[in-house]
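In what follows, a single structure is set out as structure tokens and then discussed.
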Amino acid sequence: MHLIGTPSAERLFRAARGMSVPVIAFSMVTTPIGRRRDDAPAAVGPDGGAHVAERPTIGIFGAGKVGTALARLLVDAGYEVALAGSPRQTALELLVSVVAPGARVADSARLADESDVIVVAVPFGKAPTVPWDAFDGKVVVDATNYWPPVDGHIPEVDADERTTSEILAALNPAARVVKSLNHLGYHDMEDDPMPPGSPLRRAIAVVGDDADAREAVARIIDDLGFDPVDGGALGNGRALEPGHPAFGRELSARELASLLEAERAVAA
């Protein structure tokens, strides 16, 4: 089958980059990461036996338009969702109850501890203030975009040959970082979901150096109503960044996979 005050640049922009691998197709018969919800539906596996669908707890850093739109979709899909917002956001619990009913508010430490999958959905310049040191072993979805018209130019990023996700992943090499959910707008998230098999179903890419983490995020994307496309290693995420081929485009799984493969070939 077929996505807060910045600390010192030294901490933000170090570590080794990942290696590229070819685009491959996902098999959605996976053992995803996370705890079983008591109300999770039973499904029939390929051998005819029943298995219990896993539903990880999702923690979202960022209670802006992207974070709350994603929270609404996840809650509708049956996930347990927690949101952490900016300390400057007042009446956050009231806001979340109105714009993302069913999600709950958590402080940063609790969200990091209790979530199986973490989504970073804050402005790129604020991403380093998320508690990366608490993400050891966690699947972390980088949904940020470095966009100079919004963030301003960050010289260290402009001079760095790594992708922005590789830069953020260097903040905690023990985190299982996946780039996804960044190359479509929050309004597209809510307007474009379709059931599996729909001919016009939109695709969202999933790139990361940990194959199991990519599989876990792919299952979530499929549950949200999009076709996940495995883009391979984290370094392949450049095609998803602003100004690059996949950003903001409505693509089928086949189209997105072909685009990612072409980009990988050019970069090789």
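Taking the Cα centre of each part, how many Å lie between region 96-128 and region 218-268?
Each part reduced to its Cα centre gives a spacing of 24 Å.
Can you find, among S258, P131, G243, the residue farthest towards the positive end of the dipole of region 58-267? Put +1 on the C-beta of Lys and Arg, -1 on that of Asp and Glu.
G243
How high is the relative contact order of region 58-267? Use alpha-carbon pairs under 8 Å, at least six apart in sequence, and give a whole percent. Can you show the working numbers first?
On the way: 406 pairs, mean separation 35.3, N = 210.
Relative contact order here is 17 percent.
Please work out the Cα convex hull volume for region 58-267 and give it in Å³ per residue. Numbers along the way, then the final one.
Values: hull volume 23.5 nm³, N = 210.
Cα-based convex hull of region 58-267, divided per residue, equals 112 Å³.
Which trypsin sites (Lys or Arg not before Pro) from region 65-156 combine a DSSP loop assignment with at most 10 other Cβ atoms within 10 Å?
Values: sites: K65, R72, R88, R104, R110, K126, K138; in loops: R88, K138.
Within region 65-156, the qualifying trypsin sites (Lys or Arg not before Pro) (loop, at most 10 other Cβ atoms within 10 Å) are R88.
Since every read-out is calculated from the coordinates, none of them should be taken as a lab result. Just so we're clear, the structure is a prediction, and the values are computed from it rather than from any experiment. In this analysis, Cβ positions are derived from the backbone assuming ideal geometry, glycine residues included, and neighbour counts consider all displayed protein chains.
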